[in-house]
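Working notes for the structure below.
What follows is calculated from the coordinates using simple rules that are stated; it is not laboratory data. None of the values given here were measured: they were computed from a predicted structure. Counting neighbours? That spans all protein chains shown, and the Cβs are built from the backbone with ideal geometry, glycine included.
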Amino acid sequence: MSDSSALKVFRRPPQADGPGRGRSVVLVHGSMDRATSFTRLASKLPDWTVISYDRRGYAGSSDTGPPESFDEQVEDLLEVLDDEPAVTFGHSFGGDVVLAVASRHPDLIPSALVWEPPQPWLAWWPSHTAAAGAGADLPPDERAEWFMRRMVGDRIWDRLPSSTRAQRRAEGGTLEAEMSSLRDGAVFDPTRVRIPVLVGRGGRSHTHQRRGARELAAALPGGELVEIAEAEHGAHLSHPNELATLLRRAADLA
C-alpha cells in the first residue's frame, strides 16, 4: 500500500447539542470531486462528528495518487475510519469504496448510505459512461475536462478560474486509474454486504443510474431503495437537507 498518511482528512466536531451528538459519519466523495463538496451536507448535521477526506490523487491528497489499484481505496477508507465505527456515506465512486469496505469489515460500518455507485461490470451497463470506458481514447488531462464538462456543464466549467481548471485537468491520471479499476470486474459482492444500506437515487438522474440503484438495493440483503424526486447525480450539492435526513435514518437502522 502506498503511504496514506498524507491523505488530507477533515474532522469537524459537533457544533451544537442535539439528538445526533455522539454519532459520527464518514463522507466519501466520487471521481473528480473533493471533500469540500460536502460542506453543505455537513452543515445540516451540526450535532454530529463529520469526517471527510480528499481521496487519493485529488485536491489535498494529490501527491498520493494516482491509485495503483482499487484495494488502495479500501485501505485508505480503513485508515480514515481508524478502527472507530461510523455511519458512512459514499457518493458515486465513493459508494463503491464504501460497499467494498462494508463487505470486508462490517464491524466498522454499522450502516451506510450510497448514492448511485457506478457498476460497469453489470452486463447491461451502457458503454457511453466513463466507468465503462467512454473517453478512454483521450489524453488524461483532456479526459478529465471531458468528464467535468459532462458533470457540471460547459457554462460552469468555462467560468471556473483557470487555476481550478488546470488542477482538475491534472487529476486526469487519477480519473483514468479509477475508471480502469472498475473495468477489472466487480469491486464488491452485494450478497456479502450484511449491514443496512440505503441506496439513493435521484428522480432526475440518468436511466442507468436509477436502474443501477434499484438493482443494487434488491441485491443487498439489507438494502433499501430511497429517492429524492427532484435530485440528479449531485444530490450532496443540491439537496443536502434531504441527504442529511437519510443519513439520520441510516444511523437509526444501525
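For the range 1-82, what is the charge dipole size about the Cα centre, in debye to the nearest 20, if Lys and Arg each add +1 at the Cβ and Asp and Glu each add -1 at the Cβ? The partial results should precede the final answer.
Details: 10 positive and 13 negative charges, 127 e Å.
In total the dipole reaches around 600 debye.
Where does the chain land on Rg(C-alpha)/(2.2 N^0.38 Å)? Numbers along the way, then the final one.
Values: Rg = 16.9 Å, N = 254, 2.2 N^0.38 = 18.0 Å.
In units of the globular-protein estimate, the chain measures up at 0.94.
Give me log10 I(q)/I(0) at q = 0.22 Å⁻¹ for the range 105-254, Debye formula, one equal scatterer per alpha-carbon, no solvent.
-1.36
For T129, T88, what ranking results if the residue with the fewest other Cβ atoms within 10 Å of its Cβ goes first?
Lowest to highest Cβ neighbour count: T129, T88.
Would you mind finding the longest exposed-site-free stretch of the chain, with exposed trypsin sites (Lys or Arg not before Pro) meaning DSSP loop and at most 15 other Cβ atoms within 10 Å? Intermediate results must be reported in sequence, preceding the final value.
On the way: sites that count: R21, R183, R194, R204.
My reading of the result: 22-182 is the longest stretch.
Tell me the mean residue ellipticity at 222 nm calculated for the chain from its helices only (DSSP H runs of n ≥ 4, each -39500 (n - 2.57), averaged over every residue, nearest 500). Working shown, then result.
Details: 10 runs with 99 residues, N = 254.
For the chain, the value works out to -11500 deg cm²/dmol.
Mind running the shape call on the range 102-157? Use the C-alpha gyration tensor, a ≥ b ≥ c as the square roots of the eigenvalues: rounded below 1.5 for a/c, prolate if a/b tops b/c, oblate otherwise. Walk me through the numbers on the way to the answer.
On the way: a/c = 2.59, a/b = 1.81, b/c = 1.43.
Prolate, since a/c reaches 1.5 and a/b exceeds b/c.
Which percentage, to the nearest 5, of the DSSP beta bridges contained in the chain is antiparallel?
Details: 4 of 26 bridges.
Around 15 percent antiparallel, to the nearest 5.
Under the rule a/c < 1.5 gives rounded, and otherwise a/b versus b/c splits prolate from oblate, where does the range 171-239 land using the Cα gyration tensor?
Details: a/c = 2.12, a/b = 1.10, b/c = 1.93.
The shape class here is oblate.
Find out how many positive minus negative residues lie around A123, taking Lys and Arg as positive, Asp and Glu as negative, among other residues whose Cβ is under 15 Å from that of A123.
Working: positive: R183, R211; negative: E215.
Around A123, the charge tally is +1.
Compute the longest continuous run of the chain that contains no exposed GluC sites (Glu not before Pro); treat a site as exposed when its DSSP state is not H, G, I, E or B and it has at most 16 other Cβ atoms within 10 Å. Can you show the working numbers first?
Details: sites that count: E68, E230.
Free of exposed loop sites, the longest segment is 69-229.
Based on Cβ point charges of +1 for Lys and Arg and -1 for Asp and Glu, what charge dipole magnitude is obtained for the chain about its Cα centre, in debye rounded to the nearest 20?
Values: 29 positive and 36 negative charges, 183 e Å.
Roughly 880 debye, rounded to the nearest 20.
Using the Cα gyration tensor of the range 48-110, with a ≥ b ≥ c the square roots of its eigenvalues, what is the shape: rounded (a/c below 1.5), prolate (a/b larger than b/c) or oblate (neither)? Don't skip to the answer; put the middle values down first.
Working: a/c = 1.83, a/b = 1.41, b/c = 1.30.
Judged from the Cα gyration tensor, the range 48-110 comes out prolate (a/c at least 1.5, a/b above b/c).
Between R214 and A170, what is the spin-label point distance in nm, taking each point 7 Å from the Cα along the Cα→C-beta axis?
4.3 nm
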